[in-house]
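Below is one structure; the comments refer to it alone.
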Amino acid sequence: MNLTTSTANVCIDPGSGGRIASLEVDGVELLAPRQGGDWLTWGCYPMVPWAGRVRDGRFEFDSQKYQLELDLPPHAIHGVGYRASWEATGLETLHLNLEGLWPFGGRVEQRFEVMDQSLVVTMSVQAAQRMPAMAGWHPCFRRQLSRGGQAELSFNGGYMWQRDDAGIPTGERVPVTPGPWDDCFGDVAEPPEVRWPGFGSIRLESNMTTRVVYDEEPDLVCLEPQSDAPDSFNRDPAILGPGETLDMWMKISWDHEG
(Lines give C-alpha, C1' and ligand atoms only; values in the text may rest on other atoms or scores of the structure.)
Protein backbone atom coordinates (compact mmCIF):
# COMPACT_ATOMS: atom_id res chain seq x y z
CA MET A 1 0.00 0.00 0.00
CA ASN A 2 1.48 3.33 -1.07
CA LEU A 3 0.08 6.71 -0.07
CA THR A 4 1.64 9.70 -1.83
CA THR A 5 1.46 13.48 -1.74
CA SER A 6 3.61 16.15 -3.39
CA THR A 7 6.14 15.98 -0.52
CA ALA A 8 5.79 12.52 1.02
CA ASN A 9 5.56 8.85 0.16
CA VAL A 10 4.30 6.34 2.73
CA CYS A 11 4.59 2.58 2.18
CA ILE A 12 2.46 0.34 4.41
CA ASP A 13 3.25 -3.39 4.58
CA PRO A 14 0.23 -5.46 5.71
CA GLY A 15 2.21 -8.70 5.64
CA SER A 16 4.96 -7.42 7.95
CA GLY A 17 2.89 -6.59 10.97
CA GLY A 18 0.67 -3.91 9.46
CA ARG A 19 3.54 -1.48 9.80
CA ILE A 20 4.62 1.66 8.02
CA ALA A 21 7.65 0.24 6.24
CA SER A 22 8.77 3.52 4.71
CA LEU A 23 8.18 7.23 5.28
CA GLU A 24 9.95 9.41 2.73
CA VAL A 25 9.83 13.19 2.97
CA ASP A 26 11.33 15.18 0.09
CA GLY A 27 12.96 11.94 -1.12
CA VAL A 28 14.63 11.22 2.23
CA GLU A 29 13.78 8.06 4.20
CA LEU A 30 13.05 8.78 7.87
CA LEU A 31 12.40 5.26 9.20
CA ALA A 32 14.93 2.54 9.97
CA PRO A 33 15.12 -0.30 7.40
CA ARG A 34 14.56 -3.97 8.08
CA GLN A 35 17.66 -5.83 9.26
CA GLY A 36 17.46 -9.57 8.63
CA GLY A 37 14.84 -11.29 10.76
CA ASP A 38 14.54 -8.56 13.39
CA TRP A 39 10.92 -7.42 13.82
CA LEU A 40 11.50 -4.92 16.61
CA THR A 41 13.72 -2.12 15.26
CA TRP A 42 12.44 -1.10 11.83
CA GLY A 43 9.63 0.96 10.36
CA CYS A 44 6.72 2.04 12.51
CA TYR A 45 4.60 -0.81 13.82
CA PRO A 46 1.45 -1.23 15.93
CA MET A 47 1.80 -2.71 19.41
CA VAL A 48 -1.44 -4.56 20.15
CA PRO A 49 -3.15 -5.96 22.24
CA TRP A 50 -0.37 -4.89 24.62
CA ALA A 51 2.69 -2.64 24.33
CA GLY A 52 6.07 -3.06 25.96
CA ARG A 53 7.04 -6.02 28.11
CA VAL A 54 4.81 -8.38 30.08
CA ARG A 55 6.93 -9.83 32.86
CA ASP A 56 7.80 -13.46 32.07
CA GLY A 57 4.87 -13.38 29.65
CA ARG A 58 2.53 -14.11 32.56
CA PHE A 59 -0.51 -12.36 33.98
CA GLU A 60 -3.73 -13.14 35.80
CA PHE A 61 -7.12 -11.89 34.67
CA ASP A 62 -10.52 -12.68 36.20
CA SER A 63 -8.88 -15.34 38.40
CA GLN A 64 -7.37 -17.15 35.41
CA LYS A 65 -3.63 -17.38 34.73
CA TYR A 66 -2.28 -16.81 31.22
CA GLN A 67 1.08 -17.47 29.56
CA LEU A 68 2.07 -15.48 26.46
CA GLU A 69 4.75 -16.35 23.94
CA LEU A 70 8.19 -15.17 25.08
CA ASP A 71 9.29 -13.33 21.95
CA LEU A 72 11.94 -11.34 23.85
CA PRO A 73 12.95 -13.89 26.52
CA PRO A 74 12.36 -13.90 29.39
CA HIS A 75 9.44 -11.58 28.58
CA ALA A 76 6.64 -11.17 26.05
CA ILE A 77 6.85 -7.87 24.20
CA HIS A 78 4.77 -5.53 22.03
CA GLY A 79 1.75 -7.76 21.44
CA VAL A 80 1.07 -9.99 18.46
CA GLY A 81 0.15 -7.46 15.77
CA TYR A 82 3.69 -6.48 14.78
CA ARG A 83 4.49 -10.02 13.54
CA ALA A 84 1.08 -10.86 12.08
CA SER A 85 -0.24 -10.51 8.55
CA TRP A 86 -2.97 -7.86 8.39
CA GLU A 87 -5.78 -7.71 5.84
CA ALA A 88 -6.00 -4.67 3.59
CA THR A 89 -9.70 -3.79 3.37
CA GLY A 90 -9.30 -0.50 1.52
CA LEU A 91 -6.67 1.85 0.15
CA GLU A 92 -6.05 3.25 3.64
CA THR A 93 -7.39 0.59 6.03
CA LEU A 94 -6.02 -2.59 7.62
CA HIS A 95 -7.74 -5.18 9.81
CA LEU A 96 -6.38 -7.89 12.08
CA ASN A 97 -8.44 -10.72 13.59
CA LEU A 98 -6.92 -11.55 16.99
CA GLU A 99 -8.71 -14.88 17.26
CA GLY A 100 -6.09 -17.59 17.77
CA LEU A 101 -3.30 -15.04 18.26
CA TRP A 102 -3.98 -14.54 21.95
CA PRO A 103 -6.46 -15.97 24.48
CA PHE A 104 -9.24 -13.37 24.17
CA GLY A 105 -9.66 -12.85 20.43
CA GLY A 106 -11.00 -9.50 19.23
CA ARG A 107 -10.32 -7.33 16.21
CA VAL A 108 -8.07 -4.38 15.37
CA GLU A 109 -8.42 -1.71 12.69
CA GLN A 110 -5.78 0.77 11.53
CA ARG A 111 -6.48 3.72 9.24
CA PHE A 112 -3.88 5.91 7.53
CA GLU A 113 -4.18 9.41 6.11
CA VAL A 114 -1.21 11.20 4.59
CA MET A 115 -1.13 14.93 3.83
CA ASP A 116 1.59 17.26 2.57
CA GLN A 117 2.93 17.93 6.06
CA SER A 118 1.71 15.02 8.17
CA LEU A 119 0.68 11.40 8.54
CA VAL A 120 -2.25 10.50 10.81
CA VAL A 121 -2.80 6.91 11.96
CA THR A 122 -5.76 5.73 14.01
CA MET A 123 -6.21 2.36 15.68
CA SER A 124 -9.27 0.76 17.25
CA VAL A 125 -9.11 -2.43 19.34
CA GLN A 126 -12.48 -4.15 19.70
CA ALA A 127 -13.13 -6.87 22.27
CA ALA A 128 -15.07 -10.05 21.52
CA GLN A 129 -15.19 -10.89 25.23
CA ARG A 130 -14.10 -9.21 28.44
CA MET A 131 -10.35 -8.66 28.18
CA PRO A 132 -7.43 -6.47 29.24
CA ALA A 133 -6.24 -4.12 26.50
CA MET A 134 -3.28 -1.87 25.82
CA ALA A 135 -1.86 -0.56 22.55
CA GLY A 136 0.45 1.91 20.88
CA TRP A 137 2.91 2.45 18.03
CA HIS A 138 6.67 2.02 17.78
CA PRO A 139 8.18 4.47 15.23
CA CYS A 140 11.90 3.78 14.64
CA PHE A 141 13.49 6.93 13.21
CA ARG A 142 16.96 6.90 11.68
CA ARG A 143 19.55 8.76 13.68
CA GLN A 144 21.40 9.64 10.45
CA LEU A 145 19.51 10.46 7.26
CA SER A 146 20.88 10.56 3.72
CA ARG A 147 21.35 14.29 4.24
CA GLY A 148 21.56 16.54 7.27
CA GLY A 149 23.21 16.09 10.64
CA GLN A 150 22.69 13.56 13.40
CA ALA A 151 19.25 13.42 15.03
CA GLU A 152 18.64 15.68 18.02
CA LEU A 153 15.81 14.69 20.37
CA SER A 154 13.67 17.30 22.10
CA PHE A 155 11.67 15.63 24.86
CA ASN A 156 10.43 16.60 28.32
CA GLY A 157 8.61 14.15 30.56
CA GLY A 158 7.07 15.14 33.86
CA TYR A 159 8.11 11.87 35.49
CA MET A 160 9.68 8.52 34.68
CA TRP A 161 8.47 5.05 35.60
CA GLN A 162 11.19 3.38 37.67
CA ARG A 163 12.49 0.14 36.12
CA ASP A 164 13.78 -2.90 38.00
CA ASP A 165 16.73 -5.08 36.98
CA ALA A 166 14.50 -6.95 34.50
CA GLY A 167 13.60 -3.69 32.71
CA ILE A 168 10.01 -3.74 33.99
CA PRO A 169 8.30 -0.67 35.58
CA THR A 170 7.89 -1.16 39.31
CA GLY A 171 4.91 1.18 39.53
CA GLU A 172 6.92 3.90 41.25
CA ARG A 173 7.17 7.27 39.52
CA VAL A 174 10.52 9.01 39.85
CA PRO A 175 12.16 12.23 38.53
CA VAL A 176 13.46 12.07 34.97
CA THR A 177 17.14 11.22 34.71
CA PRO A 178 19.42 12.09 31.75
CA GLY A 179 19.33 9.78 28.71
CA PRO A 180 19.97 7.71 26.74
CA TRP A 181 16.74 5.93 27.61
CA ASP A 182 14.76 2.76 27.29
CA ASP A 183 12.16 4.21 29.62
CA CYS A 184 8.52 5.16 30.05
CA PHE A 185 7.35 8.70 30.85
CA GLY A 186 4.18 10.49 31.89
CA ASP A 187 2.98 14.10 32.11
CA VAL A 188 4.60 14.90 28.77
CA ALA A 189 3.69 18.55 28.33
CA GLU A 190 4.82 19.03 24.72
CA PRO A 191 4.89 16.54 21.84
CA PRO A 192 8.41 15.12 21.36
CA GLU A 193 10.41 16.27 18.35
CA VAL A 194 13.37 14.91 16.41
CA ARG A 195 15.47 17.39 14.43
CA TRP A 196 18.12 16.63 11.84
CA PRO A 197 20.13 19.87 11.32
CA GLY A 198 20.27 20.68 7.63
CA PHE A 199 17.22 18.56 6.80
CA GLY A 200 14.34 19.40 9.10
CA SER A 201 12.31 17.86 11.92
CA ILE A 202 9.36 15.70 12.87
CA ARG A 203 6.86 16.20 15.69
CA LEU A 204 4.83 13.32 17.20
CA GLU A 205 1.41 13.99 18.71
CA SER A 206 -1.07 11.47 20.14
CA ASN A 207 -4.12 11.17 22.37
CA MET A 208 -2.20 8.60 24.42
CA THR A 209 -0.86 9.87 27.72
CA THR A 210 2.21 7.62 28.04
CA ARG A 211 5.45 7.82 26.05
CA VAL A 212 8.34 5.38 25.82
CA VAL A 213 11.65 6.69 24.47
CA TYR A 214 14.24 4.22 23.22
CA ASP A 215 17.48 5.82 22.03
CA GLU A 216 20.11 3.48 23.46
CA GLU A 217 21.05 2.09 20.03
CA PRO A 218 23.46 4.19 17.93
CA ASP A 219 21.32 4.12 14.78
CA LEU A 220 17.80 4.70 16.17
CA VAL A 221 15.56 7.15 17.95
CA CYS A 222 12.24 5.53 18.88
CA LEU A 223 9.29 7.56 20.22
CA GLU A 224 6.44 5.30 21.31
CA PRO A 225 2.99 6.63 22.22
CA GLN A 226 1.25 4.04 24.39
CA SER A 227 -2.04 3.80 26.28
CA ASP A 228 -0.24 2.74 29.48
CA ALA A 229 3.18 1.82 30.82
CA PRO A 230 4.66 -1.63 30.08
CA ASP A 231 3.43 -4.60 32.15
CA SER A 232 0.08 -2.93 32.81
CA PHE A 233 -1.56 -6.39 32.70
CA ASN A 234 0.14 -7.08 36.04
CA ARG A 235 -0.90 -3.76 37.59
CA ASP A 236 -4.27 -2.18 36.81
CA PRO A 237 -5.06 -2.80 33.13
CA ALA A 238 -7.70 -1.09 31.06
CA ILE A 239 -10.55 -3.57 30.57
CA LEU A 240 -12.86 -3.83 27.58
CA GLY A 241 -16.25 -5.51 27.69
CA PRO A 242 -17.69 -7.41 24.70
CA GLY A 243 -18.01 -5.01 21.76
CA GLU A 244 -16.18 -2.16 23.53
CA THR A 245 -13.21 -0.46 21.87
CA LEU A 246 -9.92 1.15 22.78
CA ASP A 247 -9.41 4.03 20.33
CA MET A 248 -6.21 5.96 19.70
CA TRP A 249 -4.48 8.18 17.18
CA MET A 250 -0.97 9.32 16.32
CA LYS A 251 0.10 12.25 14.12
CA ILE A 252 3.61 12.60 12.72
CA SER A 253 4.17 16.08 11.29
CA TRP A 254 7.26 17.19 9.41
CA ASP A 255 8.97 20.43 8.52
CA HIS A 256 11.85 20.03 6.08
CA GLU A 257 14.39 22.54 4.88
CA GLY A 258 15.39 23.26 1.31
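The values are calculated or read from the model by the stated rules, or taken from the named source; none is laboratory data. What you are looking at is a predicted structure, and each value in this text was computed from that prediction instead of being measured. Virtual Cβ from ideal backbone geometry, glycine too; neighbours counted across all protein chains shown. Calculation scope for accessible area: heavy atoms of the full protein, side chains included, ligands and nucleic acids excluded. Shrake-Rupley method; radii C 1.70, N 1.55, O 1.52, S 1.80 Å.
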Which FRET efficiency value, to the nearest 0.05, is calculated for ASN156 and LEU40 with the Förster distance at 30 angstrom and r the Cβ-Cβ distance? 0.70
Nearest-0.05 FRET efficiency for GLU172 and ARG147 at R0 = 35 Å, using Cβ-Cβ distance, is 0.25
Hey, what do the phi angles of region 215-229 turn into as Karplus ³J(HN,Hα) couplings, whole Hz, using 6.51/-1.76/1.60 and θ = phi - 60°, x for Gly and Pro? 9, 7, 7, x, 9, 10, 10, 10, 10, 10, x, 9, 7, 6, 7
Mean accessible area per residue over the chain (1.4 angstrom probe, all protein chains present, square angstrom) is 43
Its Cα gyration tensor gives region 118-258 an equivalent ellipsoid whose semi-axes in whole Å, largest first, are 28, 20, 11
Estimated Rh, region 161-218: Kirkwood, alpha-carbon pairs, angstrom: 13.1
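For the chain, how big is the tail of P(r) above 22 Å, as a whole percent of Cα pairs? Spell out each step's value before the answer.
Working: 17517 of 33153 pairs.
Pairs farther apart than 22 Å: 53 percent.
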Once you have the Cα-Cα distance between GLN129 and THR5, take 0.36 nm times their residue separation minus that, and quote the gain in nm to one decimal. 40.6 nm
If I compute solvent accessible area with a 1.4 Å probe over the protein chains, what percent of it on the chain is carbon and sulfur? 45
Ordering ARG143, ARG203, ARG195 from largest to smallest accessible area (1.4 angstrom probe), what's the sequence? ARG195, ARG203, ARG143
GNM top mover of ASP56, ASP38, ASP187 - the chain, alpha-carbon springs below 10 Å: ASP38
